[in-house]
Ligand code: DX5
Ligand code: ZN
């Protein structure tokens, strides 16, 4: 049975002078998850925010807070993000030498565990941690910024990971340059959770965001595997 097609807008693209309103707006516009891009200026060449942002938006929405940690080292901060209200905590396979331990720590905190792969990282890194995973995040851009161009070669990696996952209860998420035009490539390859920042936070508010979310979802569903 195919997994539901879920849309996770990235708040990195939101108007930060009105962050709470912007999260309420995507919630009302029908998003499934709220994607929170944490950047440390070390693992990626950009700085966004820490657990304080998760804590700030937690009371604003009941939607799943999907926290993408683009930080290294990551283990030092897992407890803080869990306490701040993250529902899913995703670490990068490239962030340190102890991926299995990081995933165990996230599960021990009672949260869902995800691992993210940069475009240049082969799917083979997943081989020995698959059974710890709730989510696999395939980066479809090099992490660090919103508004970048989708990397078409990543669709093949999604297809291979879909095959590795088999019947396991794991969501396959893609992130970066996802629009109604690019989402078919990765939905057809087997992704079922779609992060979009600039393609959702276009326009003036809830009605525009709802149309943007619907357009991505419709394009994903039209191309998705049954
Ligand atoms: C990039 C982030 C992405 C990014 C998505 O490092 O992980 O979530 O914010 O932004 P768009 O959808 O504009 O590429
Ligand atoms: Zn992200």
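Quick rundown of the values:
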| read-out | value |
| --- | --- |
| The range 59-188: relative contact order in percent, alpha carbon pairs under 8 Å with at least 6 residues between | 19 |
| Estimated distance in nm for a label pair at residue 58 and residue 221, the labels positioned 7 Å out from Cα along Cα-to-Cβ | 3.3 |
| Cα Rg over Rh - the range 100-226, Kirkwood | 0.99 |
| Residues residue 79 and residue 124, FRET efficiency given R0 of 25 Å [Cβ-Cβ distance, rounded to 0.05] | 0.25 |
| Residue order, fewest to most surrounding Cβ atoms within 10 angstrom, among 201, 128 | 128, 201 |
| Length-normalised contact order of the chain in % [C-alpha pairs under 8 Å, at least 6 apart] | 21 |
| Model label zone, residue 206; criterion: amide N under 16 Å from point 7 Å along Cα-to-beta-carbon; scope the range 20-48 | 20-32 |
| Relative contact order for the range 70-138, counting Cα pairs under 8 Å that sit 6 or more residues apart, in percent | 32 |
| Additional length obtainable on full extension of the chain from residue 3 to residue 163, 0.36 nm per residue less Cα span | 56.2 nm |
| Length added when fully stretched, residue 188-residue 17, from 0.36 nm per residue minus Cα-Cα | 57.9 nm |
| Rounded to 5, the percent of DSSP beta bridges in the chain classed as antiparallel | 5 |
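Each reported figure results from applying straightforward, stated rules to the coordinates on display, with no laboratory input. Every value quoted in this text rests on a predicted model; they were computed, and no experiment measured them. Glycine gets a Cβ as well: all are built from the backbone with ideal geometry, and neighbour counts include every protein chain shown.
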